[in-house]
1. Just tell me which aspartates and glutamates come within less than 12 Å, Cα to Cα, of K144; anything on the same chain fewer than 8 places away is out.
2. Hey, can you grab everything whose amide H is under 5 Å from the amide H of W177? Only 5+ residues off in sequence or another chain; H modelled, so Pro and N-termini drop out.
3. Where nothing but the Cβ of Lys and Arg (+1) and of Asp and Glu (-1) is charged, how large is the charge dipole of region 86-222 around its Cα centre, in debye to the nearest 20?
4. Taking a threshold of 28 Å on the Cα-Cα distance, which of the pairs K67/K140; K140/K205; K161/K205 fall above it?
5. Can you list residues from other chains, or at least 5 along the same chain, whose modelled amide H is less than 5 Å from the amide H of A78?
6. In nm, what is the difference between 0.36 nm times the number of residues separating Y29 and D220 and their Cα-Cα distance?
7. What is the Rg over Rh value, at two decimals, for region 3-282, using alpha-carbon atoms and the Kirkwood definition of Rh?
8. What is the packing order of peptides 246-256, 149-159, 18-28, taking the mean over residues of other C-beta atoms within 10 Å and listing the highest first?
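Every number here is computed from the coordinates shown, using simple stated rules; none is lab data. On a predicted model such as this, the values are computed, not experimentally measured, just so you know. With ideal geometry, Cβ positions are generated from the backbone for all residues, glycine too; neighbour counts draw on all protein chains shown.
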Amino acid sequence: MAQLLGGLFTSHVPAIGGAIAKGLQQDPYWRPFFDGFAPVHRWLAAARPDTVVMFYNDHGLNFFLDKMPTFAVGAAAAYRNADEGWGLPVQGNVDGDPALSWHVIETLVDHEFDVTTCQEMLVDHAFVVPLQLAWPGGGKPPVKVVPIAINTVQHPLPSPKRCLALGRAVGEAIRSWPGNARVVVFGTGGLSHQLEGERAGFINKAYDLGCLDALGPDPDALARQSALDIVEQAGSQGVELLNWIAARGALGDDIREVTRNYHIPISNTAAATMLFETRALALA
Ligand code: DHB
Ligand code: FE
């Protein structure tokens, strides 16, 4: 069976992609953020995943406000990045894993999640920046990816409880996948930030640190909030925390925190990185 080795959680601010393009990782503004990835790189080198199941949100590149699935699963052989207008270099195609995608989709539908299936899917900064952070150097990431897009953009948003349950069902799908895939889940976005309106620039450090503390031991505590509670506490884009909650659900309960980093600000965002490993890694 496939092994679910761990989960990487990271902010996905477009400016991070700009800093990578300009080689600014050691610049004083960027260093406290990028340095948080040194233990992540060591862990990935040891864990040798070949597949990433990525919980993220699209920001208007693939889905716009006219058609907005609550949960969408990619089932393509390759995923193409495109210009979103942030001035970032367009990244090369990332390989998909259609067979695993369909297994995830079948498991989710079996669990009564009525997902949208996407055999074509453009992927935005929320997908490509975390891959660039995990595997720096500019090459193609050495993994196949199954993208799972959660609507964090257009209300009504899915509840944190539903996102946690979605992630748990995805975890079941991964663990029941025949073969020897070495899988890591990603949850991207957050933490607190708000890009528009009267509260533009809003950051809530106390709330963020509480979320980081709860994510490992008590994800159900995060899932007892409503999506609007998260908007209030973390900002209208801080609700990207839903992607983290879903990815955390996939990991199950037998996990260990490997590293975390929290740095304010990156652009308008409280930037956070967190990595957990599962017991499967010790046995793999
Ligand atoms: C920023 C953060 C995001 O999560 C995003 O999707 C776009 C921009 C920012 O802080 O600039
Ligand atoms: Fe975002």
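1. D50, D95, D97
2. Under 5 Å from the amide H of W177: A2.
3. Details: 9 positive and 15 negative charges, 70 e Å.
Rounded to the nearest 20 debye, it is 340 debye.
4. On the way: K67/K140 30 Å; K140/K205 34 Å; K161/K205 23 Å.
Check vs 28 Å cut-off fails for K67/K140; K140/K205.
5. Hits under the 5 Å cutoff: G96.
6. Working: separation 191, 0.36 × 191 = 68.76 nm, distance 3.47 nm.
Additional length available on full extension: 65.3 nm.
7. Working: Rg = 16.9 Å, Rh = 18.3 Å.
Across region 3-282, the Cα-based Rg/Rh ratio is 0.92.
8. Numbers: 246-256: 21.9, 149-159: 19.7, 18-28: 13.5.
Ranked by mean Cβ neighbours within 10 Å, highest first: 246-256, 149-159, 18-28.
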